[in-house]
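Notes for the one structure printed next.
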4 protein chains.
Amino acid sequence: MSSGYGNRIRTTIFGQSHSGAIGVTIDGLPAGFRIDMEELQEFLNRRAPGRSKYTTSRKEADKPEFLCGLVGDTTCGAPLTAIIRNTNTRSGDYSNIRDIPRPGHADYTAHIKYGGYEDVSGGGHFSGRLTAPLCIAGGIYKQILQTKGIVIEAGILEIGGNRSDPFSEIEKVREAGDSVGGIIQCRIRGMKPGIGEPMFEGLENKIAQAVFAVPAVKGIEFGAGFGVAEMRGSENNDEFFYDTDGTVKTKTNNHGGILGGISSGMDIIFRVAFKPTPSIAKEQNSISYSEGRNAKLVITGRHDPCIVPRAVPCIEAAAAAAIVDMIEL
Amino acid sequence: MSSGYGNRIRTTIFGQSHSGAIGVTIDGLPAGFRIDMEELQEFLNRRAPGRSKYTTSRKEADKPEFLCGLVGDTTCGAPLTAIIRNTNTRSGDYSNIRDIPRPGHADYTAHIKYGGYEDVSGGGHFSGRLTAPLCIAGGIYKQILQTKGIVIEAGILEIGGNRSDPFSEIEKVREAGDSVGGIIQCRIRGMKPGIGEPMFEGLENKIAQAVFAVPAVKGIEFGAGFGVAEMRGSENNDEFFYDTDGTVKTKTNNHGGILGGISSGMDIIFRVAFKPTPSIAKEQNSISYSEGRNAKLVITGRHDPCIVPRAVPCIEAAAAAAIVDMIEL
Amino acid sequence: MSSGYGNRIRTTIFGQSHSGAIGVTIDGLPAGFRIDMEELQEFLNRRAPGRSKYTTSRKEADKPEFLCGLVGDTTCGAPLTAIIRNTNTRSGDYSNIRDIPRPGHADYTAHIKYGGYEDVSGGGHFSGRLTAPLCIAGGIYKQILQTKGIVIEAGILEIGGNRSDPFSEIEKVREAGDSVGGIIQCRIRGMKPGIGEPMFEGLENKIAQAVFAVPAVKGIEFGAGFGVAEMRGSENNDEFFYDTDGTVKTKTNNHGGILGGISSGMDIIFRVAFKPTPSIAKEQNSISYSEGRNAKLVITGRHDPCIVPRAVPCIEAAAAAAIVDMIEL
Amino acid sequence: MSSGYGNRIRTTIFGQSHSGAIGVTIDGLPAGFRIDMEELQEFLNRRAPGRSKYTTSRKEADKPEFLCGLVGDTTCGAPLTAIIRNTNTRSGDYSNIRDIPRPGHADYTAHIKYGGYEDVSGGGHFSGRLTAPLCIAGGIYKQILQTKGIVIEAGILEIGGNRSDPFSEIEKVREAGDSVGGIIQCRIRGMKPGIGEPMFEGLENKIAQAVFAVPAVKGIEFGAGFGVAEMRGSENNDEFFYDTDGTVKTKTNNHGGILGGISSGMDIIFRVAFKPTPSIAKEQNSISYSEGRNAKLVITGRHDPCIVPRAVPCIEAAAAAAIVDMIEL
């Protein structure tokens, strides 16, 4: 039950990199919501490969086919399922990683967990390609949330530690046959105060659970984040005041819009750390299952030297899945 | 349904700072496990107040009373409920915060969420005191995990940015009537490879969801954490090798023991950022609900100038709740 | 995770017949609901033993102690826990059933499941006594539902096949040292149409799941129930019409207020079959674990010759747990 | 979240009668299980229409297409999704029921719940056609359970009250343009004792929740079922004995293999009551939404005069979904 998320609106993602199709089933959507298909496609395009020189050249249009859940473009209350056909279902390129797990990938851990029955091709269910159906769901959720005045926007904060010119870092590593990580910041505007729960179902808990579903994420922080560890209470405390329009605000937003798991009405702000793409051109050390000894691995094919640009809509999608599960629709 | 966690072993925490009792119900414990009550009490003592000069002087022994779920000290398969009586149930000290929410606390967000019906006294259900029943559960889980060879150990990494002499920072802020944050690092040893799920129920997702239940946590990172954002793939990738005993290991552990949500067999390592205790002696700006205008607040009573030392076992407990929910018992 | 129920409002029941206490934790109650404690006690009294000559003479007042979740008598949004102390915690009377499982009871199945670690005394967690905390929860839910115009009322339909004078059957079996089963009918009035879900979370699914938690239930049927199996469509179909007040009704109610899992606005009607109390005075055949051979068992102590009268509020409570989990509060 | 079921192995069913496709996603299947596709197809054929003179003539082969979750025919641990294309996606025939709800169907309740946005064609998500994906899942589960020695077999017990010659009843009502209900009995052999949970997650609770997902079910009873209501304890109690092979059995099986929610090792036996197909040729009274007054309805098209024969594999599938969710795989 790993690939489902949510209590009110449940997102279940299925598919492998090279299976017949990948897709998503959403159970619990309110009836009567008209999906703006053009806007959804634009959202999906932000994640799709082959859009710029910074991404892999595999060119599959992430064009969802809606199997059910709609009458026309409008939700009918029944579960919605959308799929994307995998046009490239060959798995010939993966013969070496069937025996030699790629460092930094889930090849080895999946191999142990599934006893060798895992789908190796393209990383199987662990492939970054599975973020496409996450974005189908998230794109719909974003549209629904927008009708509630809630807007989710993520962006690149830094790549390889470079904030002023992050894309230059990608150029550098590409030339070196290497890859690089980065940080995405996400802001959720329009959250009314009082949303979320204490303890295990708070906004931080829920967003974190959703965001770690995006491959390569290794950390998440809210508001001032790890910075709070160096702060004093007198600095970190965000003082309340009545704004001129009578709403309650805080002067600063170190709490990132969340106190006790519950929204304060201030923007929710969080940052997510992405590791460098594990697939690199350089030869790496690994092991051979069949030979029971250490082995060298060279990964062929073309891979994103940095996953961060394409991950931006994925973070928005994950956040949307969390928020849509917590509000009254 | 905010205060419950887990699918196989469900932890439900209840109580308010000054209600008759606080406690925990655990559903799904295996039958026949003998709890070492002395060891459990020692674990609880690590969290209890009044143990050192660095913690608040409220001296309530966190001595659990087991209402059910045991025959003698051994689990019988039925849900286990343990409570701690609140000896101090007065709520007289909280008349001011009933009207003026404390900056950095959940007073305001709870007030909006519960429409003024929240229990204000001592922070109610949002009080750090609720980590006592979390530790009852976590202490039991730690004992169960130990029989599986899994050991969870957390410690203070830094306070106020000071790693070499973290406690000195607490002294400083205490004198200043202020408070300070810090970072706890947790290590989980003995995890066999292959535990965890892809996507939404991975180890990172589950641990993060549990850990954000501990008050004051604002960030979590695994392995190299936010550091990965500045790394290259060739640095960050942890190469596999066969150890002399035939087990598969990685030369480095930037992945923190988790790849694709699944354990690799390496230690799971994560760090958690804590904000400074919001209750400080200094006068702060806030609002008055009743007067509908900005107001000054002075928080009386004694409070931990730094929550980090007492939070160490809480992080172990939260991690244990996550792990125990993911393994075959 | 057997003893919890519900997605929005979660009811977790804990305790064994002779443990320190039995009780219930409710997570998800709306804040600001004032419990009428007198009405609740009256509801609990309907279930309590020793009230009439038809019930066992064990006289423990089912007087709940509320540990948390309230400010005064009003819910504060935090989980509510209420317990009932077991004044009789002796387990001496159960030495024989520790070795010889009682026919019709869960002694044997629990013994296998829990590997001999189960709490045998009084049936442990399987005791009918555990319906007391179910009724605490259900009594509160009934009060909440009443504010929504929803009224749940159950009654004895028949005992031992006798509808006209059901209690006479109890007299008969009591004299014979035997016991007898019966049927309870429950009616839920005031359900607006459109509540419930298709497939697995329909009203029938949810009510059935809750009702089978009451010990001794062996069947449930809705509307015309098993009678539909002998009917023709032209008889069974409930034709729609506009009532004089403009509401849509059906001329008959064979569907029991539920179509496709969703309420139609007609009364929800269901019936529940109870088996005879398994504890009877007559000597019975069973097995001895220790001797590994067949053995005779005589059950001592006093037992209800018919559980049906005391089960009436339990069915209301189970139904209330189901309904309160499905409506917007 | 209505169309999903299960905690360990989650079955999510999607689709409408005339949407592009219907299907199922299964999350949590063990890796390495080889599906016998021929056996699965034979199981699906038992449910498919057009197989005999007793069923509707709509002839769509229920041939599943597996989109993911397999490598070859073997599960790989990732979620499995299988779909069946709807070749008949016209919705022209349903213009009248868009305005006039069919008695006995979910048309009206869905109309209220989904505010008129429901998919009316062919009953939408409430169509009996949705039992096809249930049977895909259930067929797979049955194969998995068979490897554990667990066999689930259902059969027609009676139709229209006729046990000796049930099919003759269908002939009668067909000629009369009417329909008829019936009872299916299901037996689960090979269940080891000790499976299931007390209270809300017992075998009866879980099976009942699953079985009520099959359209037209109005009642379920286990073992002696409603018959227990007329029995005495001395009759109903199933006495334990050691069989010659040393296993514990009961002389009778009034408990239907379940005591306290937990399997006893005896066959699990339950019966399910089905109402007559609501779609009948006879003119019926209903209402017109648009005209706000009572109206006559004539349902055209061909419909099963009795759903019971085709429902037999559906009950097996529902039971299999419940059992597979409760055992260690």
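The values are calculated or read from the model by the stated rules, or taken from the named source; none is laboratory data. The shown structure was predicted, so the numbers you read here are calculated from the model rather than taken from an experiment. All Cβ positions, glycine included, derive from the backbone under ideal geometry; neighbour counts span all protein chains shown. Please note that ligands, DNA and RNA were not included when accessible areas were found on the heavy atoms of the full protein model with its side chains. Shrake-Rupley method; radii C 1.70, N 1.55, O 1.52, S 1.80 Å.
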Unmet requirement for D:Gly233, which otherwise passes all of (1) closer than 30 Å to C:Asp99 by Cα; (2) more than 9 Å from chain C (Cβ to nearest Cβ); (3) not aliphatic (A, V, I, L, M): (2)
Counting only residues that are outside any helix (DSSP H, G or I) and either in contact with a helix residue (DSSP H, G or I) (Cβ under 8 Å, 6 or more places away or on another chain) or crowded, with 24+ Cβ neighbours inside 10 Å (or both), the stretch C:101-119 contains a total of 7
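Being more than 8 Å from chain D (Cβ to nearest Cβ) and either modelled with pLDDT of 95 or more or open to solvent by less than 40 Å² (accessible area, probe 1.4 Å) (or both) is the filter here, so list the residues in the stretch C:272-282 that pass it. I'd like the intermediate steps shown before the answer.
Going residue by residue through the stretch C:272-282, those that are more than 8 Å from chain D (Cβ to nearest Cβ) are C:272, C:281.
Listed by number, the list holds a single entry, C:Val272.
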Considering only residues that are hydrophobic (A, V, I, L, M, F, W, C) and more than 9 Å from every other protein chain (Cβ to nearest Cβ), which ones fall in the stretch A:237-269? A:Met266, A:Ile268, A:Ile269
Out of curiosity, is C:Ile323 more than 7 Å from chain D (Cβ to nearest Cβ) and on the phi < 0 side of the Ramachandran plot? yes
Looking at A:Ser290, is it over 30 Å from B:Ile112 (Cβ atoms), over 21 Å from the mean Cα position of the chain (by Cα) and more than 7 Å from chain B (Cβ to nearest Cβ)? yes
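I want to confirm something. Restricting to the stretch C:141-158 and keeping residues that are open to solvent by less than 30 Å² (accessible area, probe 1.4 Å) and not β-branched (Val, Ile, Thr), which single residue is farthest from C:Ala317 (Cα to Cα)? Show your work before the answer.
Here is the first cut: in the stretch C:141-158, the ones open to solvent by less than 30 Å² (accessible area, probe 1.4 Å) are C:141, C:143-145, C:150, C:152, C:154-155, C:158.
Now drop any that are not not β-branched (Val, Ile, Thr), which leaves C:141, C:143, C:145, C:154-155, C:158.
Working: C:Tyr141: 8, C:Gln143: 11, C:Leu145: 11, C:Ala154: 10, C:Gly155: 13, C:Glu158: 20 Å.
Top of the filtered list is C:Glu158.
Collect the residues in the stretch B:292-329 that are of a type in the set (D, E, K, R) and over 19 Å from A:Ala229 (Cβ atoms), keeping them in residue-number order. Break it down into steps so the answer makes sense when it comes.
First pass over the stretch B:292-329, keeping only residues of a type in the set (D, E, K, R): B:293, B:296, B:302, B:304, B:310, B:316, B:325, B:328.
Across the stretch B:292-329, the qualifying residues are B:Arg293, B:Lys296, B:Arg302, B:Asp325, B:Glu328.
Just give me the residues in the stretch C:211-225 being within 20 Å of D:Phe212 (Cβ to Cβ) and crowded, with 22+ Cβ neighbours inside 10 Å, in sequence order.
The first filter runs over the stretch C:211-225 and keeps only residues within 20 Å of D:Phe212 (Cβ to Cβ), leaving C:211-214, C:217-225.
Once the filter is applied, which keeps residues that are within 20 Å of D:Phe212 (Cβ to Cβ) and crowded, with 22+ Cβ neighbours inside 10 Å, the stretch C:211-225 yields C:Val211, C:Phe212, C:Ala213, C:Val217, C:Lys218, C:Gly219, C:Ile220, C:Glu221, C:Phe222, C:Gly223, C:Ala224, C:Gly225.
Each row is one residue, and each column tells you yes or no for (1) among the hydroxyl-bearing types (Ser, Thr, Tyr); (2) modelled with pLDDT under 95; (3) assigned to a loop (DSSP other than H, G, I, E, B); (4) over 24 Å from A:Ile13 (Cα atoms).
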| site | (1), (2), (3), (4) |
| --- | --- |
| A:Ile144 | no, no, no, no |
| A:Ile156 | no, no, no, yes |
| A:Ser164 | yes, no, yes, yes |
| A:Ser168 | yes, no, no, yes |
| A:Ile184 | no, no, no, no |
| A:Arg187 | no, no, no, yes |
| A:Pro193 | no, no, yes, yes |
| A:Glu204 | no, no, no, no |
Give me the residue from the stretch B:294-329 that is in contact with a strand residue (DSSP E or B) (Cβ under 6 Å, 6 or more places away or on another chain) and of a type outside the set (A, V, I, L, M) and, out of that set, surrounded by the fewest Cβ atoms within 10 Å (Cβ to Cβ). B:Asn294
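Going through C:Gly122, C:Gly77, C:Gly138 one at a time, which residue ends up being more than 11 Å from chain D (Cβ to nearest Cβ), assigned to a loop (DSSP other than H, G, I, E, B) and surrounded by 23 or more Cβ atoms within 10 Å (Cβ to Cβ)?
On the way: C:Gly122 fails: assigned to a loop (DSSP other than H, G, I, E, B); C:Gly138 fails: assigned to a loop (DSSP other than H, G, I, E, B).
Testing whether each residue is more than 11 Å from chain D (Cβ to nearest Cβ), assigned to a loop (DSSP other than H, G, I, E, B) and surrounded by 23 or more Cβ atoms within 10 Å (Cβ to Cβ) leaves just C:Gly77.
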Looking at (1) open to solvent by 10 Å² or more (accessible area, probe 1.4 Å); (2) over 15 Å from D:Pro198 (Cα atoms); (3) not hydrophobic (A, V, I, L, M, F, W, C); (4) not in a strand (DSSP E or B), which is the one condition that is false for C:Arg129? (2)
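Is it the case that some residue within the stretch D:86-98 is of a type in the set (Asp, Glu), under 30 Å from C:Lys249 (Cα atoms), open to solvent by 20 Å² or more (accessible area, probe 1.4 Å) and not in a helix (DSSP H, G or I)? Can you show your working first?
We begin by selecting, within the stretch D:86-98, every residue of a type in the set (Asp, Glu); these are D:93.
Checking the rest, the ones that are also under 30 Å from C:Lys249 (Cα atoms) come to D:93.
Imposing the further condition that a residue be open to solvent by 20 Å² or more (accessible area, probe 1.4 Å) reduces the set to D:93.
Applying the additional criterion that residues be not in a helix (DSSP H, G or I) yields none.
No: the stretch D:86-98 contains no residue that is of a type in the set (Asp, Glu), under 30 Å from C:Lys249 (Cα atoms), open to solvent by 20 Å² or more (accessible area, probe 1.4 Å) and not in a helix (DSSP H, G or I).
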Hey, can you tell me all the residues within the stretch C:159-175 that are closer than 18 Å to C:Gly104 by Cβ and open to solvent by 50 Å² or more (accessible area, probe 1.4 Å)? C:Arg174
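Yes or no: the stretch B:256-265 includes at least one residue that is surrounded by fewer than 24 Cβ atoms within 10 Å (Cβ to Cβ), part of a loop (DSSP other than H, G, I, E, B) and touching a residue at least 12 places away in the same chain (Cβ under 8 Å). I'd like the intermediate steps shown before the answer.
Applying the first criterion (surrounded by fewer than 24 Cβ atoms within 10 Å (Cβ to Cβ)) to the stretch B:256-265 yields B:265.
In the following step, the residues that additionally are part of a loop (DSSP other than H, G, I, E, B) were identified as B:265.
Subsequent filtering for residues that are touching a residue at least 12 places away in the same chain (Cβ under 8 Å) retains B:265.
Checked against the condition, which is being surrounded by fewer than 24 Cβ atoms within 10 Å (Cβ to Cβ), part of a loop (DSSP other than H, G, I, E, B) and touching a residue at least 12 places away in the same chain (Cβ under 8 Å), the stretch B:256-265 yields at least one hit.
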Those residues of the stretch A:201-228 that are under 16 Å from the mean Cα position of the chain (by Cα), among the charged types (D, E, K, R) and within 7 Å of chain B (Cβ to nearest Cβ) come to a total of 3
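State the number of residues belonging to the stretch D:5-20 that are in a strand (DSSP E or B) and surrounded by fewer than 24 Cβ atoms within 10 Å (Cβ to Cβ). Break it down stepwise before answering.
From the stretch D:5-20, those in a strand (DSSP E or B) are D:5, D:10-14; that's our starting set.
Then drop every residue that is not surrounded by fewer than 24 Cβ atoms within 10 Å (Cβ to Cβ), which leaves D:10.
Residues in the stretch D:5-20 being in a strand (DSSP E or B) and surrounded by fewer than 24 Cβ atoms within 10 Å (Cβ to Cβ): 1 in total.
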The stretch D:34-48, subset buried (at least 19 other Cβ atoms within 10 Å of the Cβ) and assigned to a loop (DSSP other than H, G, I, E, B), residue modelled with the lowest pLDDT: D:Ala48
